[in-house]
Protein chains: 6
Amino acid sequence: MDKADRYERGLAKLKEIYGDRAQMLVAALGEVAPDLSRYVVEFGFGDIHCRPGLDLKSREIATVAALTALGTAAPQLRAHIHAALNVGCSQEEVVEVILQMALYAGFPATINGIQAAKEAFMERPAKK
Amino acid sequence: MDKADRYERGLAKLKEIYGDRAQMLVAALGEVAPDLSRYVVEFGFGDIHCRPGLDLKSREIATVAALTALGTAAPQLRAHIHAALNVGCSQEEVVEVILQMALYAGFPATINGIQAAKEAFMERPAKK
Amino acid sequence: MDKADRYERGLAKLKEIYGDRAQMLVAALGEVAPDLSRYVVEFGFGDIHCRPGLDLKSREIATVAALTALGTAAPQLRAHIHAALNVGCSQEEVVEVILQMALYAGFPATINGIQAAKEAFMERPAKK
Amino acid sequence: MDKADRYERGLAKLKEIYGDRAQMLVAALGEVAPDLSRYVVEFGFGDIHCRPGLDLKSREIATVAALTALGTAAPQLRAHIHAALNVGCSQEEVVEVILQMALYAGFPATINGIQAAKEAFMERPAKK
Amino acid sequence: MDKADRYERGLAKLKEIYGDRAQMLVAALGEVAPDLSRYVVEFGFGDIHCRPGLDLKSREIATVAALTALGTAAPQLRAHIHAALNVGCSQEEVVEVILQMALYAGFPATINGIQAAKEAFMERPAKK
Amino acid sequence: MDKADRYERGLAKLKEIYGDRAQMLVAALGEVAPDLSRYVVEFGFGDIHCRPGLDLKSREIATVAALTALGTAAPQLRAHIHAALNVGCSQEEVVEVILQMALYAGFPATINGIQAAKEAFMERPAKK
């Protein structure tokens, strides 16, 4: 597969996950370092998120878990909570993933993760 | 629910996940700090792992992701890779969860996670 | 001990440590995930903080040290600096614990910890 | 070398790196814990930054890399991006160091690092 | 205070804490990087550990807590468990500090900390 | 550039850095997860390490700094200490980068980094 294909495939996956916000995310990343935006699309979404062997919902569960546990990536956690909801997680499932982190990363990581979930839930159109 | 119930319920969940190794895990934890073993059973398995709202397979996917990303808990990661396989993840799914961490925690975390998976896979009776 | 007892005991300990702010902390935690609030009270304060074998002041010294070193939990660090002062630490002792972290977690962790201390000290009624 | 010498030497190094902002940084650190300010000058700049064996530009490259990877020290990262630029790094080199961290600490650490760089670059007088 | 004084004062503090093992620790650190050994003695023990305002036992409680929470420094955690015991902590108090970390850094950090305590306790001459 | 080009370019860069060990590193990574090996070559070395704008020696200085500070990647730190030496760093410069981390990640991270350096230095043919 050539380079253009990876980018196109990644962008399509980004749109599948983030809908209309995809283009905005790409633009925001590219302001200071255009290549960073390209790597996220090509490698993050074109290579990794397009892999077979694990459904997209499970990938986002894994991501919300990891970012909650690390505790160093608040904006990315909020974005991936949206992604998780977009690909089929319920708000309850997102909350459960974050609660589970109390065991592995402690209560402060969980409390901050729940705070991120609260903010993300409020950013979404009402329903559910 | 009273205290005995939480412990019993946690131990049952531990056995559902780890089979015959459950009792051994409890004993190992309890050597220096018996209460630690009790908290893991009561809170970790009796409270958290028994919650509705997220299936057990998703819980282990979240856990493998978090421990891979943190990179500070090699023995626990290996144990939870076994748990993930025990509750229905395929080896391929475990590998995918760990690979996904390259995006969020970098390649060294992923490489060490794959190494843990390799060790866990080899500890299991042959077949895939 | 049954479940109600753990919650009551935890809440009493929370009030011993945080005074009037205890109820507010419980409410804030419970907004998105009521069970998280319950676990913090039951497990965090009913089980762990109520253990014998270490006085409350030493527990808060350990907590301020850990949260400063981790560097991922600014709101919780500020809360536990208040807790430390409430259970008998002097402001000087809190500063010393944070300074000590320069050795184990580096200067940025320490500088950010001192910043949290400064904010917490200013939130308290005047006197030392 | 006596104590006064270490402080003077450290302050001179701080001024070599930060110019007019040096005095302000020292004052800001010293508000709550004057000794912390002194340790940063004496040990951080008088001892470590004055060591032979590695040029100042390489030291700042190492520091920007470490703070980006840790992801827990946003204000210090921004300060050291200024330091790197002050001792001879180009903006492009700073961006490259941060991009490289995608491999070792993941994309969120890199994205947050690039954001810090963008803010630092905008704080500087126009040119370059 | 001049440089020789800081080193002498730090070494005396190291001996107060570690007894006969102090000289061995200094030698081990100095093999590849003699200055590292010197900095640990001068800054770590001569400056920080000699500060007034917090008793030595509280300093070691803070250190055991931080190293358990960070989870990246197994040999240093074991050394500071010895230090804590040497300056007056009971084994029970050390265990309590580590258990408390379950709240702030999760169970894997605590389990690995208890394992370190178990190893340190076994290295000590019998009696409790 | 098409996919084959990225792999070839990455492998060439890997060989430039690691010499004869490159092929062995690729093979070791590929045992459990062949795609991981491919991503490291394509993205890590074909994309990132081949970027203009920062010389290879500075890239390895940044990497040794980051891995020392994170403290979660001992095997990768040792490999990158070799890489740093291979692309022109002196042993003294590697030691200086690691010592500098005492300021940003604390002494345990530095001590463990120096230990990794000692091991890497001993694995190399004699001479300095």
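The values are calculated or read from the model by the stated rules, or taken from the named source; none is laboratory data. A quick note: this is a predicted structure, and the numbers were derived from the prediction, not measured. Cβ sites come from the backbone with ideal geometry, for glycine too, and all protein chains shown count toward neighbours. All accessible areas refer to the heavy atoms of the entire protein, side chains included, with ligands and DNA or RNA removed. Shrake-Rupley method; radii C 1.70, N 1.55, O 1.52, S 1.80 Å.
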- All positions within the range B:87-106 that are under 12 Å from B:Ala117 (Cα atoms) and in contact with a Lys or Arg (Cβ under 9 Å, 6 or more places away or on another chain): B:Ser90, B:Gln91, B:Glu92, B:Glu93, B:Glu96, B:Val97, B:Leu99
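Report, by residue number, each residue of the range E:34-55 that is over 23 Å from F:Glu96 (Cβ atoms) and touching a residue at least 40 places away in the same chain (Cβ under 8 Å).
Keep residues of the range E:34-55 that are over 23 Å from F:Glu96 (Cβ atoms), which gives E:49-55.
Of everything in the range E:34-55, just one residue is over 23 Å from F:Glu96 (Cβ atoms) and touching a residue at least 40 places away in the same chain (Cβ under 8 Å), namely E:Cys50.
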- Query: Filter the range F:25-49 for residues that are at pLDDT below 95 and assigned to a loop (DSSP other than H, G, I, E, B); which is farthest from B:Met122 (Cα to Cα)?
  - Reply: F:Ala33
- the range A:63-86, subset within 22 Å of E:Asn112 (Cβ to Cβ) and either among the hydrophobic types (A, V, I, L, M, F, W, C) or in a helix (DSSP H, G or I) (or both), residue most open to solvent (accessible area, probe 1.4 Å): A:Leu70
- Query: Is one or more of the residues making up the range B:34-52 within 11 Å of chain F (Cβ to nearest Cβ), open to solvent by 10 Å² or more (accessible area, probe 1.4 Å) and of a type outside the set (Asp, Glu)?
  - Reply: no
- If D:Lys15 passes every condition in (1) open to solvent by less than 10 Å² (accessible area, probe 1.4 Å); (2) more than 11 Å from the chain's Cα centre (by Cα) but one, which one does it miss? (1)
- Residues C:Ala22, C:Ala109: which one is in a helix (DSSP H, G or I), within 24 Å of D:Arg38 (Cα to Cα) and out of contact with any Asp or Glu (no Cβ under 8 Å at 6 or more places or on another chain)? C:Ala109
- Task: Starting from the range A:4-22, keep only residues that are within 13 Å of another protein chain (Cβ to nearest Cβ), then list their pairs with residues that are of a type in the set (Lys, Arg) and surrounded by 19 or more Cβ atoms within 10 Å (Cβ to Cβ) whose Cβ atoms are within a distance under 7 Å, requiring at least 6 positions of separation or different chains.
- Result: A:Tyr7/A:Arg38
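Name every residue in the range C:96-123 that is open to solvent by 20 Å² or more (accessible area, probe 1.4 Å) and aliphatic (A, V, I, L, M), in order of residue number. Before you say what the answer is, go through the steps one by one.
At the first step, the residues of the range C:96-123 found to be open to solvent by 20 Å² or more (accessible area, probe 1.4 Å) are C:111-112, C:115, C:118-119, C:121-123.
Within the range C:96-123, C:Ile111, C:Met122 meet the criteria.
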- May I ask you to verify whether E:Cys89 is touching a residue at least 24 places away in the same chain (Cβ under 8 Å), assigned to a loop (DSSP other than H, G, I, E, B), out of contact with any Leu (no Cβ under 8 Å at 6 or more places or on another chain) and surrounded by 19 or more Cβ atoms within 10 Å (Cβ to Cβ)? yes
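Does D:Glu31 satisfy the criteria of being within 14 Å of chain A (Cβ to nearest Cβ), without any contact (Cβ under 8 Å) to a residue 60 or more places away in the chain, open to solvent by 10 Å² or more (accessible area, probe 1.4 Å) and more than 15 Å from the chain's Cα centre (by Cα)? Don't jump to the end; show me each part of the working.
Working: within 14 Å of chain A (Cβ to nearest Cβ): no; without any contact (Cβ under 8 Å) to a residue 60 or more places away in the chain: yes; open to solvent by 10 Å² or more (accessible area, probe 1.4 Å): yes; more than 15 Å from the chain's Cα centre (by Cα): yes.
No, not satisfied.
Out of D:Ala62, D:Ala73, D:Ala102, I need the residue that is under 14 Å from the mean Cα position of the chain (by Cα), within 11 Å of chain A (Cβ to nearest Cβ) and free of Cβ contacts under 8 Å to residues at least 40 places away in the same chain. Which one?
Answer to the selection: D:Ala73.
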